[in-house]
1. Sorted from largest down, what three extents in whole angstroms do the Cα atoms of region 124-219 have along their principal axes?
2. Using +1 at the C-beta of Lys and Arg and -1 at the C-beta of Asp and Glu, which of Pro29, Ala69, Ala118 has the Cα lying farthest in the positive direction of the dipole of the chain?
3. Could you compute how much accessible surface Lys170 exposes when probed at 1.4 Å, giving the result in Å² to the nearest 10?
4. Taking a label point 7 Å from the Cα of Gln208 along the Cα→Cβ vector, which residues of region 83-119 have an amide N closer than 17 Å to it?
5. If I model a spin label at Asn201 and Asp183 as a point 7 Å from the Cα along the Cα→Cβ vector, what separation in nanometres do I get?
6. So if I take the centroid of the Cα atoms in region 95-129 and the same for region 175-211, what is the distance between those two points in Å?
7. Relative contact order of region 150-214: what whole-number percent is it, with Cα pairs under 8 angstrom and at least 6 residues apart?
8. Note the full-extension length gain between Asp73 and Asn98 as 0.36 nm times their separation in residues minus their Cα-Cα distance, in nm to one decimal.
Amino acid sequence: MSLSDWTALTYDPPQRLAGHGAALERLHPSRHAADLFAANGPDVEMWRYMPDGPFADLDAYRAWADKAAASPDPAFYAIRGDGPWIGVASLMRIDRGNGVIEIGNIAFSGALKRTRTATAALHLMVAQAFAAGFRRVEWKCNAQNAPSRRAALRLGFAFEGIFRQHMVVKGLNRDTAWYAMIDGDWPKIQAAHLAWLDPSNFDGDGRQMTALVIPRAGG
């Protein structure tokens, strides 16, 4: 496949994303840290596979948030629905020359996990990446992190393999499960996301009527 017309992207992660009941803002400690700590700061299990956390108190969480907010890559976002800020994710490993970007550092509280807002937030991150001209969006996680691996597949990321002994995290070996979608995959995945996110797919209690099903290659 010739890429003779390819040029490196000029891209800055957006300050805000919103739609389908989700709102994302670039992480700002004074605006977001208190809500985020209350939602997920001390949660040992949620931080199990993350390089940081859990956090014993708000001061410790704010110190982490100060450092995270100052980072251009990863670019961290606070996430909420129609209530307080209850999750974090980032755009990271931003490779403008090759058109590759990763979604990572996903720290969703129990109030956000497995909700329409969670799916909407991740959809918005992927959608803006492809709209900005990226050719590939990646998702990586500890190979033992079964919920993250299920989430990647549910959203339409294709499994590409295990990178053995890829990292040392909190003094433990990490084998990394590698997932990605490319721009050619996106139109069908986007259509499936939008169909699932449509308000008509949810009953009065917010329960889905039909599950998110992603058309796979050849389907």
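The values are calculated or read from the model by the stated rules, or taken from the named source; none is laboratory data. Keep in mind it's a predicted model, so treat the numbers as computed, not measured. In this analysis, Cβ positions are derived from the backbone assuming ideal geometry, glycine residues included, and neighbour counts consider all displayed protein chains. Accessible surface is based on the protein model in full, side chains and every heavy atom, while ligands, DNA and RNA are left aside. Shrake-Rupley method; radii C 1.70, N 1.55, O 1.52, S 1.80 Å.
1. Rounded to whole Å, the extents work out to 46, 34, 26 Å.
2. The residue sitting farthest along the positive end of the dipole is Ala118.
3. We get 100 Å² for Lys170.
4. 111-119
5. 2.5
6. Using only Cα atoms to place each centre, the spacing works out to 12 Å.
7. 29
8. 7.4 nm
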